[in-house]
Amino acid sequence: MNVLFISSKRVFSAWIIILFTSVFGLNSPLAWAEPILPLTATTDHLNLMPYLSVLPDPRHDYSIEEITRTQNQIPWQASKHGNDNINFGYTSDVYWFRLKIHNTTTEKQHTNIEIGYPVLDYLDVFIDHPNQEIQLLELGDKRAFNDRPVSHRNFIVPLDQGPEELVTLYFRVETTSSMQVPIQLWRDKTLLQSAQSDMLGLGLYFGTMGVMVLYNLFVFFSVRESNYLYYVCYVASIALFFASLSGVSFQYLWPENTWWNDQSIVFFLACVVMFAAMFTIRFLRIRETFPRLQHLANMVVFVSILITAATILASYSTMIAVVIAWAVFGISLAISFGVYRWMAGDSSAKYYCISWFTLLIGGVILALNKFDVLPRNFLTEHATQFGSAFEVILLSFALADRLNVEKRRRFEAQLSALENERVARLAQAEALQQEKNARRAQEQALIHERDARHAQAEALEFQRQATETLEYKVRERTQELEVANQRLEELTYTDGLTGIRNRRYLNRALEREFTRSRREKLPLAAIIVDIDHFKQFNDTHGHLAGDDCLRIIAKAIESCALRENDVVARYGGEEFMVLLPNTDEAGVMLVAEQIRIDIKNVQFDIDSTPVTVTASLGATACIPGQTHNIESFITAADEALYISKKSGRNQIKFRAPELASSGSLRSSG
């Protein structure tokens with residue numbers, strides 16, 4: 001009996017041990033058998049999810065040294081996602097992933113590991129080859145794109161393995177975006193084919209968005225309707241949002257700007273909500289159709305602007321949930337407005353509602369994917385892109401329908417206005433006919449009076465025509481006389497030989513400018529120019545050559561007096577005078593020097609022989625006061641000329657009028 005009892009106790013203890021081992025031993029992480037990927041020569045593409053081991057690191061404690069040294073003591077776990085993509089949602093925890101690949105062939109193999117989520121912040125890849133130092137690749141969208149080993153919008157890890165080599169890869173992931181790690185193995189050829197297919201799809205999507213932007217921008221410039229501008233900004237924001245989310249913008253637009261790449265996703269998503277709100281208010285005519293909700297609509301726009309600004313200042317992890325929630329609220333509100341207008345009979349609101357339903361469904365699918373409610377696959381990752389493409393096309397139809405409705409309304413309004421105008425004109429015609437009949441009787445009574453006055457009118461008309469003819473002839477003769485007087489005055493004030501002003505005009509100009517300069521207290525300057533040895537020139541070369549000399553010298557002097565009020569006149573014989581209003585001593589000396597140089601540089605071709613002349617110049621300048629007069633002014637310039645000739649000619653002397661007797665002499669040349 002005791003033997004039987006002892007035997008029963010042993011059997012019971014054995015079952016307890018077996019049960020304990022089954023529950024707490026075989027199911028524990030330490031007892032889990034980690035899978036190893038067998039790489040063969042025919043392996044072209046493979047989903048690596050079933051071969052991953054996962055290690056949560058909520059306190060960021062682990063390092064690669066500790067993991068490789070004590071990895072058998074670390075609680076690695078199998079991925080709970082199975083063949084689906086790993087998705088832990090938004091979390092601040094660090095996650096480690098381990099992948100073992102065994103090259104089962106006797107040849108060297110080259111493969112590529114793709115992590116297909118381009119918005120991970122930090123992705124450190126440690127490659128552990130047997131008997132070699134661990135190789136580190138630092139990837140992530142907070143690191144410069146150009147530092148990646150492969151230029152691809154996703155993260156590509158090139159891997160070379162020797163024959164029958166077992167390589168262990170460790171992935172450390174830390175991110176403020178959704179913790180998604182879709183990982184696949186590719187050969188170079190299959191990776192290229194996949195990239196080409198992806199870029200074709202992205203190209204079709206962004207091409208569609210670009211066509212919508214350009215077409216509606218052209219329509220905006222044609223019709224100047226703000227609906228189209230808001231629509232263009234909205235579509236551009238959607239395209240840039242998906243370009244940032246898919247890694248295309250980081251690859252092609254700002255590969256070195258890691259800060260902006262991290263913020264661009266929430267920024268452009270906020271812009272989508274902001275411009276969508278502006279478009280909705282304008283398109284659905286909230287102010288006219290929902291006057292009580294105008295303040296709510298304006299509040300949505302204002303909050304959208306604040307959220308857009310906040311995306312620049314706050315972190316990605318803080319803003320992404322806010323922006324997604326606000327986007328769902330804004331789209332729901334916009335759909336509510338649109339449904340109301342649809343029920344009210346607005347045909348364009350039908351397209352509007354259907355378009356927003358497609359985007360809302362895609363957005364909800366994407367949000368559930370990011371928060372780890374739905375698995376990450378092609379449909380959940382691109383649902384919003386599909387929805388947005390359909391939405392922008394339908395919204396374009398809605399805008400076109402709205403434009404057609406407005407055209408039809410304007411056409412109907414024009415028809416109504418034309419009909420009203422026709423009725424008004426008929427009534428006016430009847431009134432005019434009645435008035436015409438009334439006037440016809442009055443006209444009959446006035447016929448006799450008109451006949452009586454006709455003869456008188458003819459006489460008055462004859463007299464009027466005669467008067468007009470006389471007045472015309474008087475005006476014609478007066479104009480001819482004025483023209484003749486002007487020509488006579490011009491001839492009176494023009495030197496007949498040189499074509500410049502004569503002494504008579506100079507005297508009048510002197511009086512005018514002297515008086516004005518005295519009144520306005522402005523400087524007045526004059527230069528007297530005398531051609532050196534002109535009598536000898538005349539005697540040697542003849543009077544015709546002398547006349548040509550005077551004409552050419554006159555033009556040379558005239559070219560130096562460029563201002564409108566400057567006066568160049570023939571002073572007498574071979575002398576010329578230049579009158580320069582508002583010119584001081586320094587200014588008159590500059591002009592005089594230029595005249596002297598220009599005269600010296602003039603060459604006369606006489607009997608095929610070049611001949612030159614020089615000139616002596618006397619200058620004066622002052623601000624005319626009560627003690628000055630024109631005579632002393634001219635005398636000062638004349639005396640300066642005399643001193644210039646006496647001092648050897650071909651030079652300039654200056655004398656101020658107030659020192660005409662005792663002299664204040666300056667020279668140049």
Enumerate the strands (runs of 3 or more DSSP E) found wholly within the range 559-617, keeping only those where 1 or more residues are touching a Lys or Arg at 6+ places or on another chain (Cβ under 9 Å). 567-572, 575-581, 609-612
Determine which single condition Met589 fails, assuming it passes every other condition in (1) within 54 Å of the chain's Cα centre (by Cα); (2) modelled with pLDDT under 95. (2)
Residue that is touching a His at 6+ places or on another chain (Cβ under 9 Å), among the basic types (Lys, Arg) and touching a residue at least 40 places away in the same chain (Cβ under 8 Å), where the choices are Arg172, Arg187, Arg153: Arg187
Residues satisfying the stated conditions in the range 580-612, i.e. in contact with a strand residue (DSSP E or B) (Cβ under 6 Å, 6 or more places away or on another chain) and small (Gly, Ala, Ser): Ala592
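Listed here are the residues, each with its yes/no results for (1) over 30 Å from Gly338 (Cβ atoms); (2) in contact with an Asp or Glu (Cβ under 6 Å, 6 or more places away or on another chain); (3) buried (at least 24 other Cβ atoms within 10 Å of the Cβ).
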site: Leu240; (1), (2), (3): no, no, no
site: Ser244; (1), (2), (3): no, no, yes
site: Gln251; (1), (2), (3): yes, no, no
site: Trp260; (1), (2), (3): yes, no, no
site: Val266; (1), (2), (3): no, no, yes
site: Leu269; (1), (2), (3): no, no, yes
site: Ala277; (1), (2), (3): no, no, yes
What do you reckon, is Arg440 at pLDDT 80 or above, farther than 30 Å from Leu229 by Cβ and surrounded by 11 or more Cβ atoms within 10 Å (Cβ to Cβ)? no
Residue ID - farthest from Leu284 (Cα to Cα), chosen from residues in the range 218-238 that are polar (S, T, N, Q) and surrounded by 19 or more Cβ atoms within 10 Å (Cβ to Cβ): Ser237
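The values are calculated or read from the model by the stated rules, or taken from the named source; none is laboratory data. Quick caveat, the model's predicted, so the values are computed rather than measured. Every residue, glycine as well, gets a Cβ built from its backbone with ideal geometry; the counts of neighbours run over all protein chains shown.
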